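Notes follow the structure.
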Amino acid sequence: MDADKPVASPTCAAREAPDGYMGFAERDELVAELNILLEAEPAGARVGARLIAQAGPDTEYLALAEVIHDDEVKWCRVLFAALTDLGATPTEAVGDFYGKTMAIEGFEDRIAFVNRGQGWVVRKLEKLLPRIRDDRLHGALREMLDAHVVNIAAADDTLARRGFTPRR
């Protein structure tokens, strides 16, 4: 197909149709959803830093806390960059996840709560991903979802090896 020739049918012009018309999230909706996620990630990073400090000499818990912290920091950067690429102002708000997590007694109970928070991110991304038209953004958010799933499994495995059963 010659790119200089006008397309002959609506199907061929689909790539030029507005996002909303094609079932994708429009810019304002995408910005709002990414900012909601961005509010959660710095709180998660603060929780991860606190878990690192609380893990003490326990190398298994320390490694888990470091992964949680490092991933949360990484996803803050990714979301910030995505919002900037969209020409939007990334939120400076930080969600209340840190306070809720620190109100929980016990390292293992906190890890279990972090897993529930990571599960919330997974569910948000699962709903959002089919509505992302931009391949680069879709790939970054897919990677974020996959990393959260891996972290949830790692935390569950670590807690199970320790004989901890999370309260539901």
*asked:* Among Val67, Gly106, Leu79, which residue has its Cα furthest toward the positive end of the charge dipole of the chain, with +1 on Lys/Arg Cβ and -1 on Asp/Glu Cβ?
replied: Gly106
*Under 11 Å, Cβ to Cβ, from Leu79 - net charge with Lys/Arg +1 and Asp/Glu -1*: -3
*Around Pro42, what is the net charge, scoring Lys/Arg as +1 and Asp/Glu as -1 over all other residues with Cβ under 11 Å from its Cβ?*
-2
*Can you tell me the FRET efficiency between Arg116 and Asp4 if r is taken as the Cβ-Cβ distance and R0 is 41 Å, rounded to the nearest 0.05?*
0.15
*Report the dimensions of the chain along its three principal axes from the alpha-carbon atoms, largest first, rounded to Å.*
67, 31, 25
*Please identify every one of the GluC sites (Glu not before Pro) in the range 58-163 that sits in a loop by DSSP and has no more than 16 other beta carbons within 10 Å of its own beta carbon.*
Glu92, Glu105
*How much length is gained on full extension from Arg162 to Phe80, taking 0.36 nm per residue of separation minus their Cα-Cα distance?*
25.9 nm
*Under 14 Å from the Cβ of Ala160, count the other residues' Cβ atoms, weight Lys and Arg +1, Asp and Glu -1, and hand me the total.*
-2
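Read-outs throughout are calculated quantities, based only on the coordinates presented, and are distinct from any laboratory measurement. These numbers come from a predicted model, not from an experiment. So basically every Cβ, Gly included, is an ideal-geometry build from the backbone, and we count neighbours across all protein chains shown.
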